[in-house]
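**Student:** Just passing along the structure, written as structure tokens.
Bear in mind these aren't lab numbers, they're just calculated from the coordinates by the rules spelled out. Computed from a predicted model, the values in this text were never measured in an experiment. Every residue, glycine as well, gets a Cβ built from its backbone with ideal geometry; the counts of neighbours run over all protein chains shown.
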Amino acid sequence: MRWFPAVVLVLLLAACAEDPHEQPPPVAVLAAIPHDTSAFTQGLELVDGVLYEGTGLEGESTVRRVDPATGEVRRRVDLPAPLFGEGITVVDDRLWQITWQDGVAIERDRSTLAEVRRVTYEGEGWGLCRDGDRLVMSDGSARLTFRDPRTFAATGSVSVAEGGRPVARLNELECVRGQVWANVWQTDRIVRIDPTDGRVTASFDLGPVRPADVPRSDVLNGIAAVPGTDEFLVTGKNWPVMLRVRFGGV
């Protein structure tokens with residue numbers, strides 16, 4: 001694992017959820033890995049030692065296979081304009097990539113990233129992850145939609161709330177052991193969600209790990225569980241690093 005010299009490894013504290021007197025859970029930053037600053041990160045997933053990354057912006061969207069140890073892009077496929085790429089997830093030997101306002105989901109060969117087929121859906125596409133025998137998709141609202149991993153048809157939904165209040169702008173998703181982790185767009189917050197009832201069960205402020213020279217407009221977005229561990233890779237849009245972290249209290 002190559003560590004990025006600009007980041008000092010420290011123990012950081014996440015913000016309290018509601019009670020300012022409650023001890024916040026710690027977030028341990030374990031390592032920093034170089035990240036392509038041209039990547040407007042929309043989706044991130046680590047499977048079988050390969051980091052898959054989807055990026056956005058019209059005319060600049062891509063899907064990539066990345067070395068998780070060095071950040072080196074090993075394979076890249078561009079999306080044709082005007083498609084605006086969003087979240088991705090792996091399903092066996094396939095990879096799904098959704099689009100923002102185009103209403104198109106692209107099924108790809110996982111090894112080559114070549115397009116296999118396209119399906120359509122209603123509404124916007126933001127984040128995507130696989131939760132067992134279903135997919136979970138966000139659309140920028142407080143709602144998560146469940147989808148069939150083969151047909152991409154909607155099979156249900158759940159509304160997400162914290163302390164009885166809706167949590168909107170749910171963005172990039174990661175499904176881990178029956179829980180859904182989500183970036184909250186335009187914030188440095190990551191929340192953990194119980195998809196059975198939509199309840200937020202943990203919340204973390206990653207603002208302290210933001211690289212000092214990264215503008216606020218380059219928001220935190222991208223979370224990938226490291227299989228076999230309790231660790232995650234996190235990054236942001238056009239960030240120069242991916243951070244390997246461990247969330248405390250979970």
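**Student:** Restricting everything to alpha-carbon atoms, can you work out Rg to Rh for region 150-222 with a Kirkwood hydrodynamic radius? Write down the numbers at each step before the final one.
**Tutor:** Details: Rg = 13.7 Å, Rh = 13.4 Å.
Ratio value, two decimals: 1.02.
**Student:** Turning to a different aspect of this structure: So for region 17-153, Kirkwood radius off the Cα pairs, Stokes-Einstein at 37 °C and 0.692 mPa s: how many µm² s⁻¹?
**Tutor:** Working: Rh = 15.8 Å.
My calculation gives 207 µm²/s for D.
**Student:** Right, another one. Once you place label points 7 Å from the Cα toward the Cβ at V119 and R150, how far apart are they in nm?
**Tutor:** Result: 1.0 nm between the two label points.
**Student:** Suppose R0 equals 25 Å; then what is the FRET efficiency for S111 and D78 from their Cβ-Cβ distance, rounded to the nearest 0.05?
**Tutor:** Details: r = 18 Å, r/R0 = 0.70.
So the FRET efficiency works out to roughly 0.90.
**Student:** Follow-up question, since we're still on this one. Got the relative contact order for the chain handy, in percent, Cα pairs under 8 Å and 6 or more residues apart?
**Tutor:** Working: 699 pairs, mean separation 46.6, N = 250.
Computed over the chain, the figure is 19 percent.
**Student:** Starting from the exponent 0.38 and prefactor 2.2 Å, build the expected Rg for region 103-209 from its residue count and divide its actual Cα Rg by it. Intermediate results must be reported in sequence, preceding the final value.
**Tutor:** On the way: Rg = 14.2 Å, N = 107, 2.2 N^0.38 = 13.0 Å.
The value comes to 1.09.
**Student:** For region 64-148, which GluC sites (Glu not before Pro) pass both filters: DSSP loop (anything but H, G, I, E, B) and at most 10 other C-beta atoms within 10 Å? Intermediate values should be presented prior to the final figure.
**Tutor:** Numbers: sites: E72, E86, E107, E115, E122, E124; in loops: E72, E122, E124.
Those that pass, being in a loop and sparsely packed, are E122.
**Student:** Starting at the first residue of region 151-167, write each ³J(HN,Hα) from the Karplus equation 6.51 cos²θ - 1.76 cosθ + 1.60 with θ = phi - 60°, in whole Hz, x for Gly and Pro.
**Tutor:** With the stated coefficients, region 151-167 comes to 9, 6, 5, 5, 10, x, 7, 8, 9, 9, 9, 10, x, x, 10, x, 10 Hz.
**Student:** Here is a follow-up. Under 5 Å between amide hydrogens, which residues at least 5 positions from N221 or on another chain qualify, with H placed 1.01 Å from N in the peptide plane?
**Tutor:** T235, G236, K237
**Student:** Applying the Karplus parametrisation 6.51 cos²θ - 1.76 cosθ + 1.60 with θ = phi - 60° to the phi angles of region 230-245, what ³J(HN,Hα) value in whole Hz is obtained for each residue in order, glycine and proline being reported as x?
**Tutor:** Each residue's phi maps through the Karplus curve to give 9, 10, 9, 9, 10, 7, x, 5, 6, 6, x, 9, 10, 10, 8, 10 Hz.
**Student:** Something else about it: Counting only residues 5 or more places away or on other chains, whose amide H sits under 5 Å from the amide H of R110 once H atoms are built in the peptide plane?
**Tutor:** Hits under the 5 Å cutoff: R94, L95.
**Student:** In region 181-250, which trypsin sites (Lys or Arg not before Pro) fall in coil by DSSP and have 14 or fewer other Cβ atoms within 10 Å? Please list the in-between numbers first.
**Tutor:** Values: sites: R189, R192, R199, R216, K237, R244, R246; in loops: R216, K237.
When the trypsin sites (Lys or Arg not before Pro) of region 181-250 are filtered for loop state and at most 14 Cβ neighbours within 10 Å, R216 remain.
**Student:** Here's a follow-up. For R165 and L57, calculate 0.36 nm times their separation in residues minus their Cα-Cα distance, and state this gained length in nm to one decimal.
**Tutor:** Working: separation 108, 0.36 × 108 = 38.88 nm, distance 3.10 nm.
Between R165 and L57, full extension yields an extra 35.8 nm.
**Student:** Follow-up. For the chain, place one equal point scatterer on every Cα, skip the solvent, and apply the Debye formula. What is log10 of I(q)/I(0) at q = 0.07, 0.12, 0.15 Å⁻¹?
**Tutor:** -0.20, -0.62, -1.01
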